[in-house]
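A.B. asks: Below is a structure I'd like to ask you about.
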Amino acid sequence: MHWPGKVPGLAYGGDYNPEQWSQATREQDLELMGEAGVNLVSVAIFSWAMLEPREGEYDWSWLDETMDRLADRGVFAALATATASPPPWLTHKHPEILPETADGVTLWPGARQAYSVSSPVFRSYALRMTRSIAERYADHPALALWHVDNELGCHNSHDFSDDAAEAFRRWLESRYHTVEELNRAWGTAFWSQRYSSFEEVLPPRKAPMFVNPTQQLDFHRYSSDELLEYFREMKRILREITPQIPVTTNFMCTTRSKNMDYFSWASDMDVVATDHYTIADDPMRHIELAFSADLTRGVAGGEPWMLMEHSTSAVNWQQRNHTKDSAEMLRDSLSHVARGADAVMFFQWRQSHAGAEKYHSAMVPHAGTDSDVWDSTVKLGHALQKLAPVQGSTVRTQVALLFDYESWWGAELDSHPNNDLSYPEEVMHWYRALWEIGVAVDVVHPSHDLSSYDALIVPCLYLVSDEHAAGIAAAAQSGASVLVSYFSGIVDENEHVRLGGYPGAFRDLLGIRTEEFWILQQDQAWGLDDGSTATFWTEKTRLADEGSGAAEAVLKYVDGPLQGLPAVTRHEVGNGSAWYAGTRLDEEATRTLIRQVMAEADVSPEHEDLPEGVEAVRRHKGAGDAKETFLFLLNHNAEGVTIRTSGMELLSGTFVSDAFDIAAGGIAVLHKR
Ligand code: GAL
């Protein structure tokens, strides 16, 4: 059962909430969708209270009408299970389904997603709703995809209620089998934490001091698994009733969504879908977007994926929301397509005039169709029609960056050497350098087959299993250049330190041994022997004595307490090499180091001589004589650029033999056979 199923070409559309509008507006909606080339909309996401206004009483009238109208116009529906927000009659009757925070505060109804996923009562109602909607629309011609719930865990991923405590205990029992094993894994010999039965265990609720770190880590794992289990229950029902319809839910594969391990969720999806919003005060937001898209592709195992939501212009939930111009909206959309998206969807179709999201932009803005936003909506729809041949093509890279939610959870636990460390910031530090020198990267999980890559970037892989560490070492042995950054390979799966000197899992690979971390204060910086600076984190590292095969110091500290010791090292390993960055280098030094590693690995940028601020990504289709490529060039600069290239430029329909001018903020897509 796989996407794209019924929808032809690249999918285009957004969340469609007709229940908020009058008949006349709904009629106009379909006209406008036709004008913009919309072919897919997500329907009924938050519609439970409208569809089941009283327990067991259903009102399908508006949804029947919506589905029929969509089908008449050839627009397909990603139909939701309508369960993303329980109706007031349900929370009124069963307040025990509400989630609780670590401090014991109940999250009340009045907003959305006020449910505990572990509540058996909530689950039975949600599954009943899912069954009802599936039975109602099973054979409807507009139904193309199931959209389960919405952004599972967006607001309620960590629930500390009694139902959650019970579910956590069951999860722990199936992981550890015996309480002795749990005691060993959690290191409960410390602070009198020894348990004599699973019944005594609680979620990591607010405690007088630091809660047991492995308990916290396992609660992250459990919370992700618990939500996935809920998805699976819904999917089983949908599969039973509509075996022919693919099922997905919208992930949040971004640098801000820490709570779900999407690598472990992906195989349950018939197509991976994600939502992405840029952050107004991040001047490098297009690079964060690129990373999130690459992460989504990694989660999707390299297959095309769906951008289920993003925004045409401003959102409403940041402090000072940023209005996009038409060019930025187009670049955001096509940067996702360049990186593997086969669907471009928005939250939402028509901007609400009431409710908490009325200042969130949409495809049809408050101003109506006499507006730049509407013009951009139409322009993008037409651009996607021209890009239809891209559908199904994939991105191929020589470089992998390893990303791991368990390392994210582990690295950011409390009571650590540097509690300002942010895992996504560490990852972005290296990703940005790769983006800036124009090298395409796959963002993959450490369990991924690494054998085809020429270079691996391993930022802050704090928690690593023996197996994953061995996979990374094997890649170096067989010829890859591997770059590991600080606070990697420190603990095992139980968050127990690997003894004998840091980084325990990678000491041999890197040919080094760190005795102690030396954390820098806010205003401290040490000099390095190439004139650059080290901040944030340093380590008392020595090269392991291995005679001729010894690691070498690439950069050394020239002042501070570690003067003379190595800050960056390189070790020849088998047919490859292993580099270590034991400090945070400044941006220039980071780029220099990345260039050195890429040169050694013989990795070249996607396009030679690319001007600064121009993004180049290539999608590939077919092989041999049937080979096709699509080179996406996105100019993020305020001035036009000329790029030496050739092929059919799909957006303008012009044949390029030698060079192409891209306007300020503009885009070109070169198709070659
Ligand atoms: C997403 C959510 C949408 C909408 C959007 C606003 O998290 O799925 O329903 O709220 O954010 O940016």
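A.B. asks: Pulled fully out, how much extra length does the chain show between Arg131 and Glu639, if you take 0.36 nm times their separation in residues and subtract their Cα-Cα distance?
C.D. replies: Stretched fully, the Arg131-Glu639 segment lengthens by 177.4 nm.
A.B. asks: Classify the range 416-505 as rounded, prolate or oblate, taking a ≥ b ≥ c as the square roots of the eigenvalues of its Cα gyration tensor: rounded when a/c is under 1.5, otherwise prolate if a/b is larger than b/c and oblate if not.
C.D. replies: oblate
A.B. asks: Sequence gap at least 6, Cα distance under 8 Å: using those rules, report the relative contact order of the chain to the nearest whole percent.
C.D. replies: Reported relative contact order: 10 percent.
A.B. asks: Can you list the HN-Hα couplings for the range 106-117, worked out from phi with the Karplus curve (6.51, -1.76, 1.60; θ = phi - 60°), rounded to whole Hz and with x for Gly and Pro?
C.D. replies: After applying 6.51 cos²θ - 1.76 cosθ + 1.60, I find 7, 8, 7, x, x, 10, 8, 6, 7, 8, 9, 5 Hz.
A.B. asks: Just how many % of Cα pairs in the range 614-672 lie over 14 Å apart, if you round to the nearest whole percent?
C.D. replies: Result: 52 percent of Cα pairs exceed 14 Å.
A.B. asks: Enumerate the calculated ³J(HN,Hα) couplings along the range 210-216 in order (Karplus 6.51 cos²θ - 1.76 cosθ + 1.60, θ = phi - 60°), each rounded to whole Hz, writing x wherever the residue is Gly or Pro.
C.D. replies: Taking θ as phi minus 60°, the curve returns 3, 7, 2, x, 6, 4, 5 Hz for the range 210-216.
A.B. asks: Taking 60 Å as R0, compute the FRET efficiency from the Cβ-Cβ separation of Glu516 and Arg236 and round it to 0.05.
C.D. replies: After rounding to 0.05, the efficiency reads 0.70.
A.B. asks: Rg(Cα) of the range 197-311 divided by 2.2 N^0.38 Å?
C.D. replies: Dividing the Cα Rg of the range 197-311 by 2.2 N^0.38 Å gives 1.30.
A.B. asks: For Trp579, what residues show an amide H to amide H distance below 5 Å, using hydrogens built from the backbone and excluding near sequence neighbours?
C.D. replies: For Trp579, the qualifying residues are Val482, Leu483, Val484, His571.
A.B. asks: If R0 is 51 Å, what FRET efficiency do you get for Ala49 and Ala189 from their C-beta distance, rounded to 0.05?
C.D. replies: 0.50
A.B. asks: Enter the Cα centre distance for the pair the range 324-365 and the range 56-80, rounded to the nearest angstrom.
C.D. replies: Here the answer is 23 Å between Cα centres.
A.B. asks: Related question: How many Lys pairs in the chain lie less than 16 angstrom apart by Cα atoms, where the lysines are 8 or more positions apart or on different chains?
C.D. replies: Close lysine pairs found across the chain: 5.
A.B. asks: Apply the Karplus curve 6.51 cos²θ - 1.76 cosθ + 1.60, θ = phi - 60°, to the phi angles in the range 344-361 and return the couplings in whole Hz, x for Gly and Pro.
C.D. replies: Result, ordered by residue: 10, 10, 10, 9, 9, 5, 10, 5, 4, 9, 9, x, 5, 10, 6, 9, 8, 5 Hz.
A.B. asks: What ranking, highest mean first, results for peptides 377-389, 417-429 when packing means the other Cβ atoms within 10 Å averaged over each residue?
C.D. replies: For the peptides 377-389, 417-429, the packing ranking is 377-389, 417-429.
A.B. asks: Moving to a separate point now. What shape does the range 458-575 have by the C-alpha gyration tensor, where a ≥ b ≥ c are the square roots of the eigenvalues, rounded means a/c under 1.5, and otherwise prolate means a/b greater than b/c and oblate the rest?
C.D. replies: Oblate.
A.B. asks: Distance in nm between label sites at Glu19 and His496, each 7 Å beyond Cα in the beta-carbon direction?
C.D. replies: For the pair Glu19/His496, the computed spacing is 5.1 nm.
A.B. asks: Can I ask one more? Express as a percent, rounded to the nearest 5, the fraction of DSSP beta bridges in the chain (both residues included) that run antiparallel.
C.D. replies: 55
A.B. asks: So, one more: Near the amide H of Asp530, under 5 Å away, which other amide H atoms are found, from residues 5 or more places off or on another chain, if H is placed in the peptide plane?
C.D. replies: Lys556
A.B. asks: Let me ask you something else. What does the C-alpha gyration tensor say about the overall shape of the chain? Classify as rounded when a/c is under 1.5, otherwise prolate if a/b is larger than b/c, or oblate.
C.D. replies: oblate
A.B. asks: Hey, another quick one. With every atom except the alpha carbons ignored, what do you get for Rg and Dmax of the range 67-176, in angstroms?
C.D. replies: Expressed in Å, the Cα Rg and Dmax of the range 67-176 come to 16.7, 55.
A.B. asks: Report the extension gain between Tyr58 and Arg396 in nm, rounded to one decimal, defined as 0.36 nm multiplied by the number of residues separating them, less their alpha carbon distance.
C.D. replies: Full-extension gain reported as 116.8 nm.
A.B. asks: Then there's this: If you find the alpha carbon centre of the range 375-390 and of the range 206-247, how far apart are they in angstrom?
C.D. replies: What the calculation gives is 36 Å, centre to centre.
A.B. asks: Tell me the relative contact order for the range 614-672 as a rounded percent, counting alpha carbon contacts under 8 Å between residues six or more apart.
C.D. replies: Contact order relative to length: 36 percent.
A.B. asks: Right, another one. What FRET efficiency comes out for the pair Asp420/Lys540, r = Cβ-Cβ distance, R0 = 22 Å, nearest 0.05?
C.D. replies: Efficiency for this residue pair is about 0.65.
A.B. asks: Give the long-range amide H neighbours of Phe76: residues separated by 5 or more places, or on another chain, with amide H under 5 Å away, using H modelled in the peptide plane at 1.01 Å from N.
C.D. replies: Amide H neighbours of Phe76, under 5 Å, 5+ apart: Leu40, Val41.
Readers should treat all values here as calculations from the given coordinates under stated rules, not as data from a laboratory. Computed from a predicted structure; not experimentally measured. Neighbour counts are summed over all protein chains in view; Cβ atoms, including those assigned to glycine, are modelled from backbone coordinates with ideal geometry.
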